[in-house]
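Here is the structure we will look at.
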Amino acid sequence: MSQSPWARIGMRNLGRHPKRTLLTAMGLAVGFFASVVLVGWSQGLVNQMVENSTSLLGGQLEIHDAEFLPERGLYDTIGGRDGVDLDQLLTRATSDVRVVAAAPRVYAGGLVSSGNSTVAGMLMGVDPEGEVALSRFLDVLTAGRLPRPGQNELVVGTEMARQLETEIGGELVVVAPAADGSMGNDLFTLVGTYRTGLGEIDSAFAVLPVEDLQALVVLSAGRVHEIAVSTQDPWVAEEVAVAVTTAVDGDVLEAEVVPWTELNPALVEYARLASSMYGVILVIVFGLAMFGVANTMLMATYERRREFAVMLAVGTTPWGVVLSVLYEALALGLFALVLGVVMTAPVMIWWHNAPPDLTGLVGEIEMMGSVVSLTMQVEYDVNFAVMTAAALLATAVVAAFYPAVRASRVPPADILSGL
Amino acid sequence: MPPEDTRRAVRTENLSKIYRQEAEEVQAVRDVSLTIQPGEFAALAGPSGSGKTTLLNLIGGLTRPTHGQVWVGDQELSELPNRALARLRLDQVGFVFQAYNLLPVLTARENAEFPMLLQGVSAPERTRRVDELFARTGMEGLEDRRPGKLSGGQQQRVAVVRAVASRPALVLADEPTANLDSASSDALLDLMDDLNRELGVTFVFATHDARVMDRCRRLVRMMDGGVDSEETPA
Ligand SMILES: Nc1ncnc2c1ncn2[C@@H]1O[C@H](COP(=O)(O)OP(=O)(O)OP(=O)(O)O)[C@@H](O)[C@H]1O
Ligand SMILES: [Mg+2]
């Protein structure tokens, strides 16, 4: 026997009622499972929202002229009237290792007409290949293909196509106020449609090559409104913004680098709110589990009053009795933790890598300017799992404290003579 | 302190225990003054309810007296705090009860070593003492059994080994043979008799059992909580 018998006595006592031990441990294990999966799922949703808001159409960073936001004026191109050396700017913007891609964009308000239907929309000039590397909305078109430069081709959202009552191959008249004060207008061919699920985008954005839009609204080749930048992880955007600012500085006067967290503060708030709920989840789940453990330990210690009396009679201190019961609870907690991990790990791995899709049940949900497809996608969070494990063990030990103290106060003389 | 004081194992002086239950008072032990010398093999006898168990528990520090004093060695117990009483029981007193003495989750050896472990006796020394006592009691080969796999007589022998192995000043045994058949009873008494004669362990019994009374060398008869008479049978 080791130098302190309490751990051994505690462990062995657990084995005396295997079914009861298993049931109580299951209570804690299910608590662990529920907490980790629920929080993983919540983080999955938050990530999906951030991911959608930053990579569906927006970038995680945007480089603008300092005057561009919030009016998004046609004249407020990066570098002012002279424009910039676009290739050099893109090279500098992507010099940080955490930057995945960068691409230029030109915006102009305009009207798109087909036959008798006219829709007011946002004309968006992009580098089609660069855009595919950067954002997701053009990755998979619902029909057709990407526009080619110099061919007067464009793609529109499915909703805009429906409102225009046109389809692939249809002729569209595009009219837009130009930078020289004239009214630019030209005939385009619809070559593709996209769908994001966000009504305000699908009904409003007509996408064409940068060069074609610059020609339409009379902007010279070096003039773009935005360089959109994507990073490996949305949560490093703020740090990368600082690095990119340094990298492009000197090149471009009066440019600002804006991370998505500034563009969509509500989403940042939501993420913060969600993570503040995690502690509450732990308190609720393990608060409930605590009653189960306390009940079991109270029962177990009541049955063994005679054994505690013997321990006390032969010279164990009351604290020794308390320790033996706490060790028993700790052993129960460790067993429950093993059960919990065995239950949770496969589900987390499965739902992280191949999340069951709930869109069939509830469809897509628009939330905070981002579209969320309801899957059971979960995120791993090692810190939270460790916190949950600690909460589980603490629950077991704290729940056993009252039963342990009661056991240590057993009156040995009365119990030993009351055969 | 007078020199003869160091020679006593136990002394009680006008020791009383009164239990109050609602309006009723039960005087379980009444004004008992008793001295037990080291090496005695003594029994408290008397009818049921005469106060044998209560007196034994007062001596062992499991119950606190209402009046009077108890010394174990030269330690007076009535004012000791609980922790000190636990320590005294650990170092000075061995207990053997009527039944269910052992912790069911520990093996025979672990049960026997339990008080020594709390005392901080080294592992080799614990093993040595338990081996020797198990050999003496005919318990070799049963060291790794749990109490549930031992007969009643074997369990009581383990309890005696546990009580003796920690080298207490005295062993208090409350009806140790009450649950045993006569053969097991005799074997257990032989064992305790041997330990008393060869190692000088002091035993005090509380008993109804004529076999115990026949074997002991001092018989204290109790009646209504008080000492009625004394005999020295052997
Ligand atoms: N905890 C207690 N509370 C109230 N009364 C008690 C308590 N313990 C013992 N008594 C009473 O004190 C008296 C002496 O009891 P005790 O157990 O000491 O007698 P005993 O001689 O050991 O009897 P037995 O031979 O039946 O074991 C009895 O009347 C008993 O009912
Ligand atoms: Mg009795």
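Looking at segment A:67-253 alone, DSSP beta bridges between its own residues are antiparallel in about 75 percent of cases.
As a calculated quantity, the FRET efficiency between A:Ala390 and A:Leu298 at R0 = 22 Å, using C-beta atoms, amounts to about 0.40. By DSSP, the beta bridges lying fully in the protein assembly as shown are antiparallel in about 70 percent of cases. Selection among B:Gly39, A:Val257, A:Ala204 by position relative to the dipole of the protein assembly as shown gives B:Gly39 as farthest towards the positive end (Cβ unit charges, Cα centre). Subtracting the Cα-Cα distance of B:Ala135 and B:Ser33 from their residue separation scaled by 0.36 nm leaves 32.9 nm. Contact order for chain B, expressed relative to its length and based on alpha carbon pairs under 8 Å spaced 6+ residues apart, stands at 29 percent. Looking at segment A:312-419, the chymotrypsin sites (Phe, Trp or Tyr not before Pro) that sit in a DSSP loop and have at most 15 other Cβ atoms within 10 Å of their own Cβ are A:Tyr380. Quotient of the Cα radius of gyration of segment A:233-355 and 2.2 N^0.38 Å, N being its number of residues: 1.97.
DSSP finds beta bridges in segment B:168-234, and of those with both partners inside it, around 50 percent are antiparallel. Projecting the Cα atoms of A:Val99, A:Gly360, A:His17 onto the charge dipole of chain A, computed from C-beta unit charges around the Cα centre, puts A:His17 farthest toward the positive end. Using a simple spin-label model with pseudo-atoms 7 Å out from Cα toward Cβ, B:Asp224 and A:Glu129 lie 11.6 nm apart.
Within a straight-line Cα-Cα reach of under 13 Å, B:Lys17 can be paired with the following aspartates and glutamates, leaving aside sequence neighbours fewer than 8 residues apart in one chain: B:Glu25, B:Asp31, B:Asp224.
Note on B:Arg145 and A:Thr246: the model spin-label points, each 7 Å out from Cα along the C-beta direction, lie 7.8 nm apart. Its Cα centre serving as origin, segment B:68-122 has a Cβ charge dipole (Lys and Arg +1, Asp and Glu -1) of approximately 160 debye. Summarising the label geometry, the points placed 7 Å from Cα in the beta-carbon direction at B:Asn14 and A:Ile365 lie 8.2 nm from one another.
With semi-axes defined as the square roots of five times the eigenvalues of the C-alpha gyration tensor, the equivalent ellipsoid of chain A measures 66, 22, 14 Å, largest first. In terms of the mean number of neighbouring beta-carbon atoms within 10 Å, the peptides B:88-99, B:130-141, A:146-157, B:16-27 order highest first as B:88-99, A:146-157, B:130-141, B:16-27. To test your reading of the geometry: what angle, between 0 and 90 degrees and rounded to tens, separates the Cα axis of helix A:237-248 from the longest principal axis of chain A? For A:237-248 against chain A, the angle is about 40 degrees.
Other protein chain C-beta atoms within 10 Å of residue C-beta, averaged over B:104-113: 4. Shown is the FRET efficiency for B:Glu79 and B:Ser182, computed with R0 = 51 Å from the Cβ-Cβ distance and rounded to the nearest 0.05: 0.75.
Which GluC sites (Glu not before Pro) in segment A:60-97 pass both tests, a DSSP loop state and at most 15 other beta-carbon atoms within 10 Å?
For GluC sites (Glu not before Pro) across segment A:60-97 that sit outside H, G, I, E and B with at most 15 neighbouring Cβ atoms in 10 Å, the list reads A:Glu67, A:Glu71.
With a 10 Å cut-off around each Cβ of A:301-307, the average count of Cβ atoms from other chains is 2. Charges were assigned to the Cβ only: +1 to each Lys and Arg, -1 to each Asp and Glu. The resulting dipole of segment B:97-178 about its Cα centre is roughly 60 debye. Taking a Cβ cut-off of under 13 Å around B:Val204, the surrounding Lys, Arg, Asp and Glu residues balance to a net charge of +2, with basic ones at +1 and acidic ones at -1. Counting other Cβ atoms within 10 Å as a rough exposure proxy, the listed residues A:His225, A:His17, A:His64 run A:His17, A:His64, A:His225 from fewest neighbours to most. Springs join every pair of Cα atoms under 10 Å in this Gaussian network model of chain B, and among B:Pro124, B:Pro176, B:Pro147 the largest mean-square fluctuation is at B:Pro124.
When the charge dipole of the protein assembly as shown is built from unit charges on Cβ atoms (+1 for Lys and Arg, -1 for Asp and Glu) and taken about the Cα centre, the candidate among B:Ala187, A:Trp41, A:Leu134 whose Cα reaches farthest toward its positive end is B:Ala187. Bridging of A:Lys19 to lysines at a Cα separation below 25 Å is possible for B:Lys149, once same-chain residues fewer than 8 apart are set aside.
Axis angle, to the nearest 10 degrees, between helix B:123-136 and the longest C-alpha principal axis of chain B: 80 degrees. Applying both filters, DSSP loop and at most 16 other Cβ atoms within 10 Å, to the GluC sites (Glu not before Pro) of segment B:34-86 gives B:Glu79. What FRET efficiency do you get for A:Ala345 and B:Met213 if R0 is 60 Å and r is their Cβ-Cβ distance, rounded to the nearest 0.05? Efficiency for this residue pair is about 0.35.
The charge dipole of chain A, taken about its Cα centre with unit charges on the Cβ atoms of Lys, Arg (+1), Asp and Glu (-1) only, comes to about 3960 debye.
The Rg/Rh ratio of segment A:42-118, with both radii computed over alpha carbons and Rh defined as the Kirkwood radius, is 1.08.
Any read-out appearing in this document is the output of simple, stated calculations on the displayed coordinates, not a laboratory observation. Computed from a predicted model, the values in this text were never measured in an experiment. Please note: Cβ atoms are built from the backbone with ideal geometry, for glycine as well, and neighbour counts cover all protein chains shown.
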